[in-house]
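Worksheet: one structure, shown below.
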Amino acid sequence: MNRILSLLLLVTLQCLATTTVAQPKAHAATANAHANMAKGKDVSTYDLLVFQDKNIGKDITRKYGAQLEGLRQDMSRGYLSNLLGQGLTAAKKAASTSLMGLVSTGVNMIGDMVRSKKNDWSAAVARENVFVKTLPMMENIEDFYSDVSFAGALDPSSLSFNGFGCLQKRDNDTVLYMVCHLDTTEYGVGRILKHSKFELTLDTLVFNPYKCDLPNDSTMPYSMRVPFSFTNRDNLNLQISLNVMSSWINQAIQLHRDQTLGQFFVNVPINENTLDADSVFRFYRGSSNNKAVCDITGESFIVPRSYIGVRDANGRFHDAWGTGQYKMSMTLRETCSNTEAFDKNWKADWKARKMNKGHKVDFGRAMRQLWDANGSKWVMSIVEAPAKMLTQDFLATIGFLQPQATGAAAMGAMGAMGASGAAMMKTPSQQGTAGKQ
């Protein structure tokens, strides 16, 4: 009997090793079942976006060529003093760097032996009124500059970074969509040239409060949670923060590892008066239909280039600097408070909570990263769902796996997922970008 089981296991593994993403009919029922679960909105996806535009560096060089040339030739102190003095008097955007401390987003089950059910209810609801999602560090992004430089570590002439964004979806519903681009106005370019700092402009922000993660019970499937309601909750606030980090080596062979270059913040209070007719908050820069003023604050140094001195064909050595590697991390934070009516009706809500006790679910995560067809946008996609759903069939059904992925590679990824509840999935072309300098 043991020998027969071993033979069956061997045949099964051989079949899996040659199976492509196109699933056989035997798996169709499983895939359909997972697709139906996804439509139950127990699956969240996040797309983290980084935009590139090689023309930005050309525009900077063309618009401020005289000043760049002056800086490179080390003109007189009077010129430099005047240039920096103008920067000191330039208007600055207000930068708010204060964020509330992170709190646990889990909901503790309240025992029966308690002194005050009202206090326990208040504590449980307070935890539900905060949702924090720290998305994985974005690495192996296309470099900050498109070409090497012979001018210096902070030469901006081939700068190609053009902002970032985030798209959160649940099934086919958009929960959050945000796009920010590099500030290329005269003020923004002046900040780059005079202070080696860049700022961003908020172009698009879409947020659906009725699909958000509040009230937050991250231990339960989303389809079983109580949806957000302005009847019970108010003072809804969306906060998005982004950290820019880099590692580089200078001409003195001094290594600077994981240095924070800057931070950016979006802080948007949302209420029923700021929603469109379909109950969605929308902001588009320059639109006359915006019902609220939104902005992104903060600043960051441009990414320092690593020193990469080179020798030409005649054996002469030249100082040169690289194309600037960097990485980003993003945190999404949703907060709200209770309405007076909800506080008064706490007993009914407490009773409902007791009835829903015992539906705890373990969640897992799968990730992939890729470039779009024209190389202007880097995307890292994340799928979060109940761990039992994250199978090969399910990821293929929702279009998360790439067609060129083989069954053997997917099986290896699934093994890693089973061990840690997460997996990094890349195509062969994406794997080739790892370790890029």
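The values are calculated or read from the model by the stated rules, or taken from the named source; none is laboratory data. These numbers come from a predicted model, not from an experiment. Every residue, glycine among them, receives a Cβ derived from its backbone with ideal geometry; neighbour counts consider all protein chains shown. Accessible surface areas use protein heavy atoms only, side chains included; no ligands, DNA or RNA. Shrake-Rupley method; radii C 1.70, N 1.55, O 1.52, S 1.80 Å.
Couple of notes before you dig in:
- Within region 175-196, if we keep just the residues that are in contact (Cβ under 8 Å) with a residue 60 or more places away in the chain and within 22 Å of the chain's Cα centre (by Cα), the residue that is farthest from ASN237 (Cα to Cα) turns out to be LEU182.
- Every residue from region 205-226 that is surrounded by fewer than 19 Cβ atoms within 10 Å (Cβ to Cβ) and at pLDDT 95 or above: VAL206
- Top-ranked residue of region 227-263 - restricted to ones that are part of a loop (DSSP other than H, G, I, E, B) and surrounded by fewer than 16 Cβ atoms within 10 Å (Cβ to Cβ), ranked as modelled with the lowest pLDDT: PRO227
- Single residue of region 264-300 satisfying the filter (on the phi > 0 side of the Ramachandran plot and touching a residue at least 12 places away in the same chain (Cβ under 8 Å)) that is least open to solvent (accessible area, probe 1.4 Å): GLY298
- Beta carbons closer than 6 Å, at least 6 apart along the sequence or on distinct chains, pair a first residue in region 116-138 that is in a helix (DSSP H, G or I) with a second that is open to solvent by 40 Å² or more (accessible area, probe 1.4 Å) and modelled with pLDDT under 85 for ASP120/VAL114.
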